[in-house]
Amino acid sequence: SLRAQSPAALLDAARQLLSGVQALHDARVLHRDIKPANLLRRAGDGRLKLADLGIAAEWRTAADYDRAGTLAYMAPELFDGKPRYSPATDLYA
């Protein structure tokens, strides 16, 4: 569990997660469902992996997307009219 980790371990976990998100965004992909359940820890070395890209989408005009994701982790701006996904909405999650 990430909750039982030291501050240094939590910082390392955050860096790993953000590195994965950055790699997706560099490839112009939005995850659209970042949440704790989609963060997996590898058994061998303990590295974190961002999983479940089932609703990931190519980063294009935000107006092209329907609302998708897990409600508790969705950015508030996704509920103000037509959803406008962006790298910022991934980071909010």
For this session: Quick one: net charge around residue 17, please, counting Lys, Arg +1 and Asp, Glu -1 for every other residue with C-beta under 13 Å from its C-beta.
Result: +3
Exercise. Roughly what would the spin-label model give for residue 5 and residue 43, points 7 Å off Cα along C-beta, in nm?
Worked result: 2.0 nm
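I'd like the projected area of the chain, averaged over all directions, using the convex hull of its alpha carbons. Report it in nm² with one decimal.
Working: hull surface 25.4 nm².
Value for the chain: 6.3 nm².
Only Cα pairs under 8 Å and at least 6 apart count here; give the relative contact order of the chain as a rounded whole percent. Mind dumping the intermediate values first?
Values: 112 pairs, mean separation 26.1, N = 93.
For the chain, the relative contact order is 28 percent.
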Problem set entry | Acute angle (nearest 10 degrees) that the helix 7-26 long axis makes with the longest principal axis of the chain, alpha-carbon atoms | 40 degrees
Exercise. Roughly speaking, what is the stretch gain from residue 12 to residue 80, that is 0.36 nm per residue apart minus the C-alpha to C-alpha distance, in nm to one decimal?
Worked result: 21.1 nm
Problem set entry | Accessible-area composition of the chain, carbon plus sulfur, in percent [1.4 Å probe] | 55 percent
For this session: For every helix of n ≥ 4 consecutive DSSP H residues, a contribution of -39,500 (n - 2.57) applies; sum these over the chain, divide by its total residues, and give [θ] at 222 nm rounded to the nearest 500 deg cm²/dmol.
Result: -9000 deg cm²/dmol
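The values are calculated or read from the model by the stated rules, or taken from the named source; none is laboratory data. Quantities reported herein were computed from a predicted structural model and do not represent experimental measurements. Backbone-built Cβ (ideal geometry, glycine too); neighbour counts: all protein chains shown. Only protein heavy atoms, including side chains, enter the accessible area calculation; ligands, DNA and RNA are left aside. Shrake-Rupley method; radii C 1.70, N 1.55, O 1.52, S 1.80 Å.
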